[in-house]
Amino acid sequence: MNDIEINLQNIRTTIPEGVTLVAVSKTKPIDELMKAYNAGQRIFGENKIQEMAEKWEHMPKDIEWHMIGHVQTNKVKYMAPFVNLIHAVDSIKLLKEINKQAQKHNRVINCLLQIKIAEEESKFGLNEKDTIDLLNSEELQNLSNIHIQGLMGMATFTDNHEQIQNEFSIVRRLFEELKPQFPEFKTLSIGMSGDYKTAINSGSTMVRIGSSIFGARNYN
């Protein structure tokens with residue numbers, strides 16, 4: 001058994017049924033991803049569209065690809081033929097572009113709205129009012145090739161456990177408030193390698209785990 005298989009096995013024992021594990025494979029070579037694939041992992045998350053498209057070209061076609069990074073509208077076309085879920089949607093402009101590109105491929109693309117819960121300026125996302133306005137907008141009703149299935153959030157990068165918990169509870173509360181009006185909301189994507197157990201306790205249905213599976217990233 002290789003390290004990746006062992007890591008995956010250990011992580012799976014800590015994730016309850018009903019919580020989806022996204023293996024965050026950004027910067028990792030295909031042979032590393034294949035070790036995870038051979039250990040049964042079928043959902044991979046990337047944060048650069050071109051890198052994801054290249055991996056999609058060369059890897060088995062039963063993989064579900066998730067785009068977890070900030071999305072530039074001019075890059076949507078590269079992932080439109082195959083992406084399964086786009087996590088970090090933060091504007092109607094981006095939704096329109098996803099819809100347009102999905103239409104070209106006769107697909108409906110699943111999306112999550114990114115809610116800004118972190119303190120860092122570098123983190124993107126919508127506030128509560130803008131989220132509600134967007135969901136109720138007429139513009140959104142006209143986009144038939146996208147499917148918004150929930151919310152996503154990224155906590156502040158901190159060792160303050162209480163702060164992380166508080167930030168997760170903000171997006172969880174919004175998720176629960178919106179569900180009666182939007183019964184298709186089934187995904188709350190919160191939690192990464194360092195805080196996924198806190199996220200699960202806070203109601204997460206999807207965790208994005210990278211370094212705990214693949215080891216430290218290589219950004220060279």
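The values are calculated or read from the model by the stated rules, or taken from the named source; none is laboratory data. No experiment lies behind these values; they were computed from the predicted model shown. Using ideal geometry, Cβ is built from the backbone for each residue, glycine included, and neighbour counts are taken over all protein chains shown.
Points to keep in mind about this one:
- 1 or more residues acidic (D, E), touching a residue at least 40 places away in the same chain (Cβ under 8 Å) and touching a His at 6+ places or on another chain (Cβ under 7 Å): qualifying strands (runs of 3 or more DSSP E) within segment 111-220: none
- Search result, residues across segment 105-139 that are surrounded by 14 or more Cβ atoms within 10 Å (Cβ to Cβ), under 18 Å from P180 (Cα atoms) and not hydroxyl-bearing (S, T, Y): L112, L113, E128, I132, L134, L135
- Single residue of segment 44-64 satisfying the filter (without any contact (Cβ under 8 Å) to a residue 24 or more places away in the chain and out of contact with any Lys or Arg (no Cβ under 8 Å at 6 or more places or on another chain)) that is nearest to L8 (Cα to Cα): P60
- Conditions (1) closer than 21 Å to C111 by Cβ; (2) under 17 Å from the mean Cα position of the chain (by Cα); (3) at pLDDT below 95; number of the one not met by N142: (2)
- Selection over segment 161-175 of residues that are of a type in the set (D, E, K, R) and either more than 11 Å from I117 (Cβ to Cβ) or over 19 Å from the mean Cα position of the chain (by Cα) (or both) gives a count of 1.
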